[in-house]
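The values are calculated or read from the model by the stated rules, or taken from the named source; none is laboratory data. Predicted, not measured: the structure shown is a model, and the values here were computed from it. Virtual Cβ from ideal backbone geometry, glycine too; neighbours counted across all protein chains shown.
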Amino acid sequence: MKLSELSGKEIINLYSGARLGILGNSDLVLDEVSGKIIYLLIPKKNSWFFTFTLRDRSYTEVVWDSIKKIGPDIVIIDVEDYNHKKYDDLRKSKNYT
């Protein structure tokens with residue numbers, strides 16, 4: 001799948017059923033050495049209104065390993081809680097911080 005084919009897909013959390021955003025508005029963070037995708041940065045809803053620089057925006061980080069399925073219209077991830085210790089430990093154990 002090409003990166004351009006991910007654009008426009010909605011991200012849904014399987015655990016909570018929450019809509020997290022649209023991939024067209026997101027950024028990929030890559031490991032500079034391996035070239036692998038580390039995580040997605042998804043702008044939080046309503047956080048980008050009236051902001052003009054990247055550092056002023058609020059993002060949700062989705063670890064690439066949490067992606068369960070990429071369908072024709074939706075990307076399904078499974079994350080219990082973004083503030084949950086297990087999720088933070090996963091990010092730190094894979095050096096995603």
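Residues in region 1-32 that are surrounded by 13 or more Cβ atoms within 10 Å (Cβ to Cβ) and touching a helix residue (DSSP H, G or I) at 6+ places or on another chain (Cβ under 6 Å): 6, 9, 23.
Among the numbered conditions (1) part of a strand (DSSP E or B); (2) modelled with pLDDT under 85; (3) of a type in the set (D, E, K, R), the only one that residue 69 does not meet is (2).
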